[in-house]
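Chemist: Quick one: the structure is below, questions incoming.
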Amino acid sequence: VNPESKLDAQVSLTIDGKKVAASTKTTILEAARSIGIEIPTLCYHARLTPIGSCRVCVVEVDGCDAPVASCATPVNDGMVVRTESPELTRMRREAVQFLLLNHPLECPVCDKAGECELQDITYKLGVDHQDFQTEPQVWDNDNDSPLIFRSDGRCIRCGRCVAICNEVQDVGAIDFTDRGYDARIHPTNGDTLDCEFCGQCVSVCPVGALLPKTFLHRSRVWDLSENDTVCAFCGAGCSISAHTRNGKVYRVVSDCETTHNRGDLCSRGTFGFGFVEGDKRQVSARVKNDQGFSEADTASTLQEAATKFAAIAKEHGPQSVAAIGSARMTNEDAAAFSQFVRKVIGSPNLDTESGLGYRQLHNLAFGGPVGTFDDLEDCDSILVFGSDLAVEMPVPSLRIISAAKTNDARVVTAAPFKTKLHRSSRGPLVNAPGGEAALAMALTAIAIENTWLPGELDGQAISAGDPVALCARAGLSLEEVTAAAKSFFTGEHRGIVVGPYCYHNLEARNAIALLSKLTEPRVFLVSADRANMQGVGDVGCAPGEGGLEYMEIAEAISSGQIKALWVAGSDPASLFASWSSALDKLDLLIVQDPFLSRTAEGADYYLPTETWGQKAGAYTSAEGRVQMLGRFLSAPNDLLSDAEVFAAAATVLGVRLGSTAVPGSQDQTKLQAPKLDGPGVKDGSFYLVRGSSLYFNGTMTAHCAPLRTVCPAAYLALSPDKAGALKVESGAKVRVETGYGALFVEVKTDAAIPENVGVLVDPYAAPGSAAVFGTSLDWTEAAIKKAD
Ligand code: SF4
Ligand code: SF4
Ligand code: SF4
Ligand code: FES
């Protein structure tokens, strides 16, 4: 509401004698707040639809027999409201007295003390005695669930946790059980929580009934310092506040009113910060010798490493050296790396994980993100293609859930298995592994045939191919693809989000870029499972003219063209078999990383570096939002940031790094309709697909003990039918063999997985799991049998 403007105001009312104009969708509480009148609340939360359970927000309305809950009562034209009276004060005090009737006197040991809304309202309303008596109740605490502590006794049954888990998170892991006086919150599935562990319920609980176990009994809240920063994990770039004391992070929270992510976080954002203090953090440089590694001082290690790297480039030419950075470097780190490799050394061979298709797809389509995560909420139809978005970028996926729930947006999803967003989808497509290019072309062909899309682009007629053959190749029926196409293309405001199952593949990138250009979407975003996929490319940490891309660098190492490699923060040996076998062929491997990663274990020179929290800089999110990271922790042993390492390495070579970024060379790849003439998937074959986990994305999460408690080991998700056919149940081991290697892994049955697919989720990238995929990024044919 806006008392000044009547632009969207349909009604006028009076609150405490003041006139206010408001839309009919407004509640009395919102209208009052818009003109500075505060009404006390307890169960109300700005992120949720009104619950109306506590009755603390009651107000008097002329013509109503009894006071009404202002948080849940919409405004009416001519309404006259009073927010203060002796009777209202009595009712509010009584409501709080009822809540305190059985509330344990645990404030001295409750971690919520100091920020407890029940404490605050008790004080504010002057509730200094108890008028009521009841039989004391005995409640249980749940300390067995991973990551979240639950106390029935402290719970005031406000219902916020149930609402956020259902409405926003679309999980429904908790609900009320029993009724009336005995009502309590309980997991919907068993006695302990088995859920996403996003922590959203914790963030809205007004009391200490839900608390992060990572914070339990560790600090009083008033002793913590708040540090604004950005989440370190995915390209959603959630704004967070890291709460610290004595140089340690105690918890991470996000404010619902001031952050672009509206206070929403996922499990990685809430619980993943522990990697900063991971016990495997390295503080000393190391140099390889005959006995393995020996510790060395940073300056001499840097001096030797930089000198040898430059010498190889000089002797064999700049094409003989290459560099791999991390898409979690800050923009400043990435710009310095780019200057060092491309200007000081003169090599164009530089890339990051952004070069596995994220950057190339943007180059083919619109040159960068179009629209924002919030804009997704306003789309009539949304295509989520080749993506498990709720795992890759969990918080933006909530905008799509909201679009489907509140705006009736038609969501169409496509992935090699059913993802969480398939539940919100009107066109849930489960395509064959590797069927993304054919599916995108089938959607395009059907849309052109039905005139939902124009049949030409830039004056060139588009021949998308035969929809029947394309659908068959994608492993889907013409009917289901046509229904999905109709749902999506007939929307007026269309949003497209493309994920790695699509953009990792050249044909699929071309196909989805073509579909997207023809669609002219209001939103076009590429899912970034690493925090700065966008920024590293923007500042030129990408191949220069004639330079090699990420996977090409591995091939060039194998062929002997590249003799020296500098790796910063990336761990390609853990991710890709082709990389782990290639690294042994190098004459020189230099690795800088906060941890001794698998890649670092093979390094000739290893330099530990600062992490998130210990260095300043900026990330650019997948929607193009540039945000500053806070520097609130001091690094041990005078560690350097990545940018400082490159500046020092340049100084060794007699060059001073400038402050301007080196722009990435213009990608020469031209958009063209893909030719799909190779073999598609075979009937009767079984396919192994690389999956990802909410509790893991990269080395940093692997060093976070709390997240490991939820997902401690690799598993293979199999359909119940496939598991039945193999005579295995969840927990049993199977042997999976591909053309590249074999792996023993535990099974988890999951009805979301098609029968001819097994999804390998390997949080800690065991050596065997990279090996079984060989040169493939996402899937490969496999044989599976019960382990003896
Ligand atoms: S942690 Fe998230 S998924 Fe689990 S109960 Fe809370 S809101 Fe629901
Ligand atoms: S656990 Fe917290 S949020 Fe949930 S009903 Fe109880 S007091 Fe409310
Ligand atoms: S969605 Fe991404 S940025 Fe946001 S909290 Fe989760 S991992 Fe962090
Ligand atoms: S705040 Fe309105 S009923 Fe609880």
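The values are calculated or read from the model by the stated rules, or taken from the named source; none is laboratory data. For clarity, every value in this text was computed on a predicted model and none was experimentally measured. Here the Cβ is made from the backbone with ideal geometry for all residues, glycine too, and neighbour counts use every protein chain on show. Each accessible area value is taken on the protein alone, full model and side chains, heavy atoms only, with ligands, DNA and RNA left out. Shrake-Rupley method; radii C 1.70, N 1.55, O 1.52, S 1.80 Å.
Chemist: Say we look at segment 191-234 and pick out the residues that are away from ligand 2 (no atom under 16 Å from the Cβ) and assigned to a helix (DSSP H, G or I); which of these is least open to solvent (accessible area, probe 1.4 Å)?
Modeler: Val221
Chemist: While we're here: For Ala464, indicate whether it is at pLDDT below 95 and open to solvent by less than 20 Å² (accessible area, probe 1.4 Å).
Modeler: yes
Chemist: Residues of segment 168-214 being more than 10 Å from ligand 1 (Cβ to nearest atom) and either within 22 Å of the chain's Cα centre (by Cα) or polar (S, T, N, Q) (or both), which ones?
Modeler: Scanning segment 168-214 gives Thr177, Asn189, Thr192, Leu211, Lys213, Thr214.
Chemist: Between a first residue in segment 192-206 that is within 14 Å of Asp175 (Cα to Cα) and a second residue that is more than 16 Å from ligand 4 (Cβ to nearest atom) and of a type in the set (Ser, Thr, Tyr), which pairs have beta carbons less than 7 Å apart while being 6 or more apart in sequence or on different chains?
Modeler: Final answer for the pair search is Thr192/Ser145; Leu193/Ser145.
Chemist: With under 30 Å from Leu707 (Cα atoms), out of contact with any strand residue (DSSP E or B) (no Cβ under 7 Å at 6 or more places or on another chain), open to solvent by 20 Å² or more (accessible area, probe 1.4 Å) and away from ligand 3 (no atom under 16 Å from the Cβ) as the only criterion, which of Glu87, Glu94, Glu117 stands out?
Modeler: Glu117
Chemist: Sticking with this structure for a sec: Which of the residues belonging to segment 235-258 are open to solvent by 60 Å² or more (accessible area, probe 1.4 Å) and within 21 Å of Arg47 (Cβ to Cβ)?
Modeler: Asp255, Glu257, Thr258
Chemist: Which members of segment 249-260 meet the condition of being touching a residue at least 60 places away in the same chain (Cβ under 8 Å) and either within 16 Å of ligand 1 (Cβ to nearest atom) or farther than 29 Å from Val498 by Cβ (or both)?
Modeler: Val249, Cys256, Glu257
Chemist: Go through the residues of segment 162-181 one by one and say whether even a single one is within 16 Å of ligand 4 (Cβ to nearest atom), more than 20 Å from Val395 (Cα to Cα) and either part of a strand (DSSP E or B) or open to solvent by less than 50 Å² (accessible area, probe 1.4 Å) (or both).
Modeler: Yes.
Residues checked against (1) within 30 Å of Glu545 (Cα to Cα); (2) modelled with pLDDT under 95; (3) part of a helix (DSSP H, G or I):
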| residue | (1), (2), (3) |
| --- | --- |
| Val591 | yes, no, no |
| Tyr606 | yes, no, no |
| Glu623 | yes, no, no |
| Val645 | yes, no, yes |
| Ala650 | yes, no, yes |
| Gly658 | yes, yes, no |
| Ala661 | yes, yes, no |
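Chemist: Now for a different question. Which count do you get for residues in segment 55-71 that are within 16 Å of ligand 2 (Cβ to nearest atom) and open to solvent by 20 Å² or more (accessible area, probe 1.4 Å)?
Modeler: Number of matching residues: 1.
Chemist: Still on this model: Any residue at all in segment 146-165 that's free of Cβ contacts under 8 Å to residues at least 24 places away in the same chain and either away from ligand 1 (no atom under 16 Å from the Cβ) or at positive phi (or both)?
Modeler: Within segment 146-165 (the criterion being free of Cβ contacts under 8 Å to residues at least 24 places away in the same chain and either away from ligand 1 (no atom under 16 Å from the Cβ) or at positive phi (or both)), the answer is no, since none of the residues qualifies.
Chemist: Any residue in segment 134-145 that is under 17 Å from Pro706 (Cα atoms) sitting within a Cβ distance under 6 Å of a residue that is in a loop (DSSP other than H, G, I, E, B)? List the pairs, counting only those 6 or more apart or interchain.
Modeler: Every condition considered, the pairs that remain are Asp144/Thr192; Ser145/Thr192; Ser145/Leu193.
Chemist: Something else about it: Only one of Gly263, Gly272 is within 16 Å of ligand 1 (Cβ to nearest atom), part of a loop (DSSP other than H, G, I, E, B) and open to solvent by less than 10 Å² (accessible area, probe 1.4 Å). Can you tell me which?
Modeler: Gly263
Chemist: Of the residues Gln97, Gln133, Gln137, only one is in contact with a His (Cβ under 9 Å, 6 or more places away or on another chain) and of a type in the set (S, T, N, Q); which? Let's see the steps before the verdict.
Modeler: On the way: Gln133 fails: in contact with a His (Cβ under 9 Å, 6 or more places away or on another chain); Gln137 fails: in contact with a His (Cβ under 9 Å, 6 or more places away or on another chain).
Exactly one residue qualifies, and that residue is Gln97.
Chemist: Output the residue which, of all residues in segment 426-452 that are touching an Asp or Glu at 6+ places or on another chain (Cβ under 9 Å) and assigned to a loop (DSSP other than H, G, I, E, B), is most open to solvent (accessible area, probe 1.4 Å).
Modeler: The selected residue is Gly434.
Chemist: Next question. What residue, of Lys112, Lys124, is open to solvent by 60 Å² or more (accessible area, probe 1.4 Å), touching a residue at least 24 places away in the same chain (Cβ under 8 Å) and either at negative phi or of a type outside the set (S, T, N, Q) (or both)? Before the answer, list the steps.
Modeler: Working: Lys112 fails: open to solvent by 60 Å² or more (accessible area, probe 1.4 Å).
Residue meeting the stated conditions: Lys124.
Chemist: Just one of Gly292, Gly278 is of a type in the set (Gly, Ala, Ser), within 30 Å of Ser397 (Cα to Cα) and either away from ligand 3 (no atom under 16 Å from the Cβ) or modelled with pLDDT of 95 or more (or both); which is it?
Modeler: Gly278
Chemist: Here's something else I'd like to know. Could you list, ordered by first residue, the pairs with Cβ atoms under 7 Å in which the first is in segment 596-619 and surrounded by fewer than 24 Cβ atoms within 10 Å (Cβ to Cβ) and the second is among the basic types (Lys, Arg), at least 6 apart or interchain?
Modeler: Matching pairs, first to second residue: Leu596/Lys280; Asp604/Lys288; Gln614/Arg631; Lys615/Arg631; Ala616/Arg631.
Chemist: Which pairs turn up if I take residues in segment 225-247 that are under 27 Å from Ser354 (Cα atoms) and look for partners that are basic (Lys, Arg) and within 12 Å of ligand 3 (Cβ to nearest atom) with beta carbon separation below 6 Å, at least 6 apart in sequence or on another chain?
Modeler: Sorted first by the residue in segment 225-247, then by its partner, the pairs are Phe233/Arg268; Gly237/Arg625.
Chemist: Give me the residue from segment 19-46 that is within 16 Å of ligand 2 (Cβ to nearest atom) and open to solvent by less than 40 Å² (accessible area, probe 1.4 Å) and, out of that set, farthest from the chain's Cα centre (by Cα).
Modeler: Looking at residues that are within 16 Å of ligand 2 (Cβ to nearest atom) and open to solvent by less than 40 Å² (accessible area, probe 1.4 Å), I get Thr41.
Chemist: Let me ask another. Before we move on, is Asp152 more than 9 Å from ligand 2 (Cβ to nearest atom) and either surrounded by 14 or more Cβ atoms within 10 Å (Cβ to Cβ) or not polar (S, T, N, Q) (or both)?
Modeler: So Asp152 fails the test.
Chemist: For segment 744-762, how many residues are within 15 Å of Ile784 (Cα to Cα) and acidic (Asp, Glu)?
Modeler: Total meeting the criteria: 2.
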